[in-house]
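Have a look at the structure below, then the notes.
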Amino acid sequence: MAIALAASQDHIATVFDTADSFVVIESGHVRQRRIEAIPAGLTMMQMRQKLRDLSVNVLLCGAIATSTRQFIEGAGIVVIPFLKGNLTDVETGFFTNRLDDPAFYLPGCRRGWVGLGPVPCGRGTDGGRRRAAGNTKGQRRRGRS
C-alpha cells in the first residue's frame, strides 16, 4: 500500500491545489519514503494520472474541492481531506489510526459535528450540511430555547 501526503515544504499543503510535492510512503515491514515533485499547471486529469503512476491508494491532504476529490476517488484512491500539520506527525497519525485527533483538523473543521462520529469535514451522509432536525449535543434548534 502507498499513501501520498500533499506537501508544501515540511507540512500538509493547506489547499491541495497549492501542493508542490507528494511525499509517497510505501508501507511494509520497513516504510519507504520518497518525494515526488508536482509540476506546475497540471490538470485534474494529469494529477489523477500522476497519483495512479505513483501507485497511491490513499491521499492525505488539506482543503480540496469536492469535484477534485470525487474525480480522484473515481480512480479508486481514498482521499482523507481537511488535514493540517507537520508531515511526520500526519504520517504517524495515519499509521497509528489517530487522524481523528483535533490537532490534525484544519481550522473550522469539526469532524463528527453532524453527529455521525469522527468523519472528515463534508464526508457525512448529509454531505457535510447541518441538519435542520436531529439536534446534536450542545446545539439548540433555531427559535427554541
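FYI, it's all coordinate maths here, none of it is from the lab. Worth saying up front: this structure is predicted, and the values here are computed from it rather than measured. Every residue, glycine as well, gets a Cβ built from its backbone with ideal geometry; the counts of neighbours run over all protein chains shown.
Ranked by how many other Cβ atoms sit within 10 Å of their own Cβ, fewest first, the residues Val23, Val90 fall in the order Val23, Val90.
Run the numbers for Asp53 and Asp100: contour at 0.36 nm per residue of separation, minus the present Cα-Cα distance, in nm. Can you show the working numbers first?
Values: separation 47, 0.36 × 47 = 16.92 nm, distance 2.87 nm.
Gain on extension, Asp53 to Asp100, equals 14.1 nm.
For the range 2-104, what does the alpha-carbon gyration tensor say about shape, rounded, prolate or oblate, given a ≥ b ≥ c as the root eigenvalues, a/c under 1.5 as rounded, and a/b over b/c as prolate? Because its axes are fairly even, with a/c under 1.5, the range 2-104 counts as rounded.
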